Amino acid sequence: MKSFKEKLTERVFLLIALSTLSVLALITVFIFIKGVPIIAKVGIINFVFGMKWAPSQGYYGIFPMIVGSVSVTLGAAIIGVPIAICCSIFLAEFAPAKLRNVFRPAIQLLAAIPSVVYGFWGVLFVVPMIRKFLGGPGLSILAGSIILGIMILPTIISITEVSLLALPRHYKDGALALGLTQWQTIHSLLLPAAKSGIVAAIILGLGRAIGETMAVIMVLGNAVALPQSILDPVRTLTTNIGIEMGYASGEHQQALFATGIVLFVIIMLLNASAQYITRKR
Amino acid sequence: MTQKSKIDIKGLNFYYEQKKVIKELNLEIPENRILGIFGPANSGITTLLRTLNRLSDLTAGARHEGEILLDGKNIFAPDVNLTELRRRVGMVFDVPTPLPMSIFDNVALGPRMGGLKSKTDLEEKVETSLRMSALWDDVKDRLDTPAARLSGGQQQRLCIARVLALEPEVILLDRPCSALDPISTAKIEESLVQLKEQYTIVIAPHTVQQAGRIADRVAFMLMGDLIEQGYTQEVFSFPKDKRTNDYLTGRFG
Amino acid sequence: MRMNANTSQKIAKFTIWAAALFVIAILFSIIAYILAKGIPMLSWEFLTDIPRDMGRSGGISSSIVGTLVVTAVAVIVATPFGIGTAIYLTEYTREGKITRIIRFSAESLAGIPSIVYGLFGFIFFVIYLNLGWSILSGGLTMAIMILPTIIRTSEEAIRTVPQLYREVGFSLGLTKLQVITRTVLPSALPGIVNGVILSIGRCVAETAAVILTAGSALRMPDSLLSPTRTMAVHFYILAREGISMDNAYGTAALLIILILLLNVGFNMLVNRFIAKGR
Amino acid sequence: MFDFCEDMKKGIVTCKLLKGIKVAGGAVILTLSMGLLSACSQAPESATIIAGSTSVQPYAEILAERYMALDPEAIIDIQGGGSSAGITATQTHSAGIGMSSRSLEDGEKDLWSVEIAKDGLAIIVNPANPIKNLTSDQIRDIYAASITDWSQVGGTKSKINIIAREEGSGTRSAFTELLMGKKEITPKAIVQDSNGAVRQLVADDPNAIGFISLGLVSDEVKALQLDGVEATRDNIMNNSYKLSRQFLFVTSGEPTGIQKSFIDFTLSPEGQKLLSKEGLIPSAEGEAK
C-alpha cells in the first residue's frame, strides 16, 4: 500500500512536471491574444500572403518575410547540413580518440557562442567579402545563410553523431568483414540506418535557423521586398519582430505578435515532425 | 528440524508476466544460521532472495502466490510496512554498490533516513557496523573520503556494514563475492561466520565450494524448483537427488 | 564509370577531415579575433567601473552584475522545476499519455525561438504582471527558456543511474522520496550539473529575449525590479550603434572568456567524476 | 529501465483528462502566484522612468548620468521603446517622462511637452563617392527607387544601395515627413535598426546612401549638401538646411518634483552644453532661459 505521504509527493511531482505544459499554454495564449486581433482585422490571407509591410500606413503583409525566412533557412541547410554530417561522421568514425576529445567540446563551444557575436563576425568578415567578390550590398540571403549554416552545425552534429553511435556494433563489423571500405560501410549502411535520426537532426537544425534573430538582423539587410537573387537583402519573420519591436505600439505591435504567431506555428510544425520522425524509429 | 525457523516460505509461486520462475516452493530458514541456496543460473535464486524483502515489487509484471512468514507473520499482508520490512531484512547485492557519497555517509544513510539524528549515536553505529564487517581498521582514518575509492572487496564489506547499520534480523546476500578476488572473498566469509551469532543469513554463494565453507544448511534449486535441502555436510556428501549429485560433480551448470 | 572503392574511400576521408578542420578553423577564428581585440581592453577598471557616457567610457560592472543576477534568477527558478519534471518522468510514471504530453511540451518549448520568448516575456511579465523591464522579468523569461534543457539533461542523467542504486536504497529501508534524493540524484549529479551549466551559458549568451524583458538600462541594478542591460545586450548596442568598438570588444571578450570557463570547468568536473570511478 | 517504478500501474496513467486539466490549471496558478509573490516582496523604489525614442535615449542617458551625479538621491531609468511607446507610457503614467523625436499628434496634445533640442538629419554616403550634393528631388527619387544608379545623379556607374531605418523609428518618420512627400521609401531598401549601423554600413560600402542624426556623422562617412546647403548646425539654426526635427520631453500635466528638476537641468546651460557637445542643436526654449 502506498502511504498518503507518498501519494502526495507523487502529486507534487506531477504538478511540477505539468509546469512545462502550463507554460507552453501560457505562451500560446498570450501570444495569440495579442496577435489574433490584427490578423482578424486584416484577414489571414492578406496577412500571410500580403506583399506590403508598411505599418505606418496600415499595411500588414508578411509574405516577403515568410519567403525571407524560408530562403535563408534553406540556404543555411545547403551550407550547414553537408558540413555537419561530415563532422558527425568524423566524430563517430574517423577521428582518433585524442582528437575526438578536443573536437567534441569545440562543437559544444560553437553552440555556446552568443548569436550577437556570430552576427558581428558576419558583418566584419562575411558581408564585406560578399560585397567585394560577388557585388551587391553584401547584406544578403547569402550572408545570412553562411552565418546560420555555421550556427546550426552543433545541433545537427550532436544529434547525428548520437544516432550514428546508437547503431549496433555488428552492422559495421559485418560490413567491414565483407571487405567493404570504411566509406562504403558508412554511406551504404550506416547513414541509411541512421536516416531518421539524421532527418530529425536536420529538422531541429532548421528550427534553430528559422528562429535565430540577433545574428541575422545584423547580416541580412532586412529589406521588406521579395528577393530576386541570393545577393539581395531580405527580412525574416524573426528579424521583423526584433528590429521593430523596440518602437512598435498599437496595431503595429499587435502585427509583430501576429508575426510571432506565424513563426510559432511554423516552429511547432517543424518540432512535431521531428518528434514524429524520432518516435517512428 | 530442531532449530527455530526465522522465515517460513509456504507454497510460493512467482511469475514475471506469464513466466513462472519459482514453483511451489516450501522452505524453512533457520534463525542464527547461514543458509546457502545454490544452483545454476536462472534457477530463481535471485528472485527468491528479492522476494524475501519484497524488492521484487519494483519489477513490473511481477506477481506471486503463497506466503512468506517472517516470525510467523506474512510479509505479503496488506498492512505490512515495506520500509520496515526492508530494514528487518537487509540485502547485499552481487556487485559492490557504494553510493556516491563518503564512507561514513554510506553506512549512516539507513539509520539517518530511519530517523536517527544524534551525531554521536551515528558515529557509534557506523563504527560498530564497520567493525562487524571487518572494515573498520582499513578505513577508520578516512571515513569522509568517497566510498568509490575503496577496493572492490572493501566496497562489498562496506555494503555489508551498511546493511548491519540497519540492525536487521535477516541478511540476504546475492552472490556477494562474485566480483571479488579470493583474499577479499575469504575476509567476507570470515565476517559472515561471525555474524551468524546475531543474524539469520541467507546467501546465494557464487560457487558450491563457498556454500561448503560457510553454510550450515544448503538448498539446491533448479529451474525454479527446490530439489533438495538439508545440512551442508549431508547434502554435499550424500545427495538424495540425482540432479543434485550431477550438479555437485560438475555434470552440468 | 564506377569509382574505384579505394579512391572513393580516399576522397571521402579527405572531405570529412577537411570539413572538420574547417569548422575548427572557423571557431578558432571567431574566438581568436574577439579575444585579440578585446583582451587588451580588460582592466580592473573596466570590470569594476559602471559604464559612463553611454558606454563610451567607464567599465561594464553594472552589465556584469545584471548578467549574473538574471542568470541566477533563471537557474534558481528553472532548476527545481526541471529536476522535478525529470524525476516525475523517470521515477513516478510509466510511458503513457501524460509523459507524452509532458515530453511534447518540453520539446516544443525547446524549439521556440528566443524572440518569441521575448514577446511572451514582454507581454506577460513586463506588461501583464506589471514587473516592468526588470531583472525579474528577464530572469523568469530565461527560466522558461532553459527549462527544457534542464529537463532533458536531468532526465538523461537520471535514466543512466543503474536500477541497482534504487534497489540498494529500498533495501536499506528508504522511502521512495529518500531513495530519489539520497541515491538517485547524487549519482545523476554530473549530468544535472551539465544541464545547468549549459543553461547558464545560454542565459549569458542570450540577447533577443532579454532585451525585450530586462530592458537596456545602464545603471547598477539595486533590486530584482531594476531594469538592466546584460553583457550580450551591451555588446550588441555598443557594436551596433557604433558607440565604442573598443568597449564592445572588451565586453565580447569577457563573454567569450566566461563561456570558455564554463565549458572548461564543466569538462574538468566530468573528468573528476570519472576519475573518482563513477 | 523506467518500468521499475513502484506501484505505478494504478496511479497516474488512468488519470482522467478532467483531472489533468484541473492540475494544469493549478500549475498555472502556481506560476502566476509565484510571479506576483516575488513582485510584491520587492518594494520598488521610486525611480523616475524616462521612456521613448531611441534617438533621444543616448542623450537622455548622458543627461541622467550627470544629473544623478549632482543629486545622488535621484534614480532615473532610461528605457527605449520608441516615441509612440514613450508617449503612451507617459499617458498611462508607467513612465514619468516620455521622449519623443516626432511632434505630438492629435490625441496626444493633452500632454505637456517641451523641446529639449533639435537634431539635424544628415544624408550620408561613402567618402569614396564623388558626389557632394543632391537635391531634395533626387534624394526622394533615390529612396523611391525611381533613380537606381549613381550615374543618374552624376556619379560613377554603379547600383545605389539604399539604406533606411525601420518602420516606427523617429528618424525614419522625420525623413519621410521632411523629404519623401507623398512617395514611399522602396521596400527594397536595406533596413538597419540604429544610426550606428547605418553609418557603419555606409562607411563600408562605396555605393551606399543613408540618413542619420547629424550629431553622429563621423570621418568614416560623408554628409551630402542638400540643395547646395551644407549640413551644419549653423545652417539648421538659420533654417537654410531643412532636414531637422525636434526632440521632446513630454509629461502628463505640468511636471513636478524630480521630473521638473530633471527637465530644468536639461534646459539649463549645463544641460544644453552636454547636448551640444554630442552634436545636437540647442533648443530655442533653452536659449530663452
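The values are calculated or read from the model by the stated rules, or taken from the named source; none is laboratory data. The model shown is predicted, which means the values in this text are computed figures rather than measured ones. Positions of Cβ are generated from backbone atoms using ideal geometry, with glycine treated the same way; all protein chains shown enter the neighbour counts.
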Subset of segment B:80-125 [facing chain C (nearest Cβ under 8 Å) and among the small types (G, A, S)]: B:G90, B:G110, B:G114
Members of segment C:1-39 that are surrounded by fewer than 19 Cβ atoms within 10 Å (Cβ to Cβ) and touching a residue at least 12 places away in the same chain (Cβ under 8 Å): C:L35, C:K37, C:I39
Count of residues meeting criterion [more than 9 Å from chain C (Cβ to nearest Cβ) and free of Cβ contacts under 8 Å to residues at least 24 places away in the same chain] in segment A:13-40: 2
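So that you can scan it fast, the table gives a plain yes or no per residue for (1) without any contact (Cβ under 8 Å) to a residue 60 or more places away in the chain; (2) within 14 Å of chain C (Cβ to nearest Cβ); (3) closer than 30 Å to A:V219 by Cβ:
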position: D:P206; (1), (2), (3): no, no, yes
position: D:K222; (1), (2), (3): no, no, yes
position: D:L226; (1), (2), (3): no, no, no
position: D:E230; (1), (2), (3): yes, no, no
Listing of helices (runs of 4 or more DSSP H) fully contained in segment A:1-95 that carry 3 or more residues being closer than 30 Å to A:Q253 by Cβ: A:19-42, A:44-49, A:63-89
Residue match in segment A:35-44 (condition: touching a strand residue (DSSP E or B) at 6+ places or on another chain (Cβ under 6 Å) and hydrophobic (A, V, I, L, M, F, W, C)): yes
Cβ-Cβ under 6 Å pairs, at least 6 apart or on other chains, segment A:80-100 side over 21 Å from A:R169 (Cα atoms) and more than 8 Å from chain C (Cβ to nearest Cβ), far side of a type outside the set (D, E) and assigned to a loop (DSSP other than H, G, I, E, B): A:G80/A:I152
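Quick grid of which residues meet (1) over 16 Å from the mean Cα position of the chain (by Cα); (2) among the polar types (S, T, N, Q); (3) outside any helix (DSSP H, G or I):
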{"residue": "B:I7", "(1), (2), (3)": "no, no, yes"}
{"residue": "B:G11", "(1), (2), (3)": "yes, no, yes"}
{"residue": "B:K20", "(1), (2), (3)": "yes, no, yes"}
{"residue": "B:I37", "(1), (2), (3)": "no, no, yes"}
{"residue": "B:T51", "(1), (2), (3)": "no, yes, no"}
{"residue": "B:D57", "(1), (2), (3)": "yes, no, no"}
{"residue": "B:A60", "(1), (2), (3)": "yes, no, yes"}
Residue check, D:S173 touching a helix residue (DSSP H, G or I) at 6+ places or on another chain (Cβ under 8 Å) and over 24 Å from D:P127 (Cβ atoms): yes
Residues (crowded, with 22+ Cβ neighbours inside 10 Å and either without any contact (Cβ under 8 Å) to a residue 60 or more places away in the chain or under 15 Å from the mean Cα position of the chain (by Cα) (or both)) located in segment C:57-76: C:G59, C:T67, C:V70, C:T71, C:V73, C:A74
Of the criteria (1) more than 8 Å from every other protein chain (Cβ to nearest Cβ); (2) surrounded by 22 or more Cβ atoms within 10 Å (Cβ to Cβ); (3) in a loop (DSSP other than H, G, I, E, B), which one C:M220 fails: (2)
Total residues in segment C:233-247, condition touching a residue at least 24 places away in the same chain (Cβ under 8 Å) and in a loop (DSSP other than H, G, I, E, B): 2
Any hit, segment A:92-100, residues being out of contact with any Pro (no Cβ under 6 Å at 6 or more places or on another chain) and over 21 Å from C:T15 (Cβ atoms): yes
Matching helices (runs of 4 or more DSSP H) fully within segment B:155-240 where at least 3 residues are in contact (Cβ under 8 Å) with a residue 60 or more places away in the chain and closer than 29 Å to B:T145 by Cβ: B:182-195
Qualifying residue in segment C:179-190 (condition: in contact with a helix residue (DSSP H, G or I) (Cβ under 9 Å, 6 or more places away or on another chain), part of a helix (DSSP H, G or I), crowded, with 24+ Cβ neighbours inside 10 Å and of a type in the set (S, T, N, Q)): yes
Odd one out for C:F170, checked against (1) within 12 Å of chain A (Cβ to nearest Cβ); (2) in a helix (DSSP H, G or I); (3) of a type outside the set (K, R): (1)
Search result, residues across segment B:72-121 that are buried (at least 17 other Cβ atoms within 10 Å of the Cβ) and in a strand (DSSP E or B): B:V89, B:G90, B:M91, B:V92, B:S102
Qualifying residue in segment A:261-281 (condition: hydroxyl-bearing (S, T, Y) and either facing another protein chain (nearest Cβ under 8 Å) or under 30 Å from D:A144 (Cα atoms) (or both)): no
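Working only within segment C:125-156, note down all residues that are in contact (Cβ under 8 Å) with a residue 12 or more places away in the chain, aromatic (F, W, Y) and within 11 Å of chain A (Cβ to nearest Cβ).
First, the residues of segment C:125-156 that are in contact (Cβ under 8 Å) with a residue 12 or more places away in the chain: C:125-126, C:131-156.
Still in the list and also aromatic (F, W, Y): C:125, C:133.
Within segment C:125-156, C:F125 is the sole residue that qualifies.
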Some residue of segment D:142-156 being more than 20 Å from A:F125 (Cα to Cα), acidic (D, E) and free of Cβ contacts under 8 Å to residues at least 12 places away in the same chain: yes
Residue within segment B:4-23 that is without any contact (Cβ under 8 Å) to a residue 40 or more places away in the chain, of a type outside the set (S, T, Y), farther than 18 Å from B:I171 by Cα and away from chain D (no Cβ under 14 Å) present: yes
Any pair with Cβ under 9 angstrom, 6 or more apart, that starts in segment A:41-65 at a residue that is on the phi > 0 side of the Ramachandran plot and ends at one that is in a loop (DSSP other than H, G, I, E, B) and surrounded by fewer than 21 Cβ atoms within 10 Å (Cβ to Cβ): A:G43/A:G50
Flag if C:L89 is facing another protein chain (nearest Cβ under 8 Å) and either crowded, with 23+ Cβ neighbours inside 10 Å or not in a helix (DSSP H, G or I) (or both): yes
Filter result for A:E244 (buried (at least 22 other Cβ atoms within 10 Å of the Cβ), among the acidic types (D, E) and modelled with pLDDT under 90): yes
Residues within segment A:189-212 that are closer than 22 Å to C:K10 by Cα and either outside any helix (DSSP H, G or I) or touching a Leu at 6+ places or on another chain (Cβ under 7 Å) (or both), tallied: 1
Condition met for D:N161 (farther than 18 Å from A:A54 by Cβ, at pLDDT below 90, within 14 Å of chain A (Cβ to nearest Cβ) and surrounded by 24 or more Cβ atoms within 10 Å (Cβ to Cβ)): no
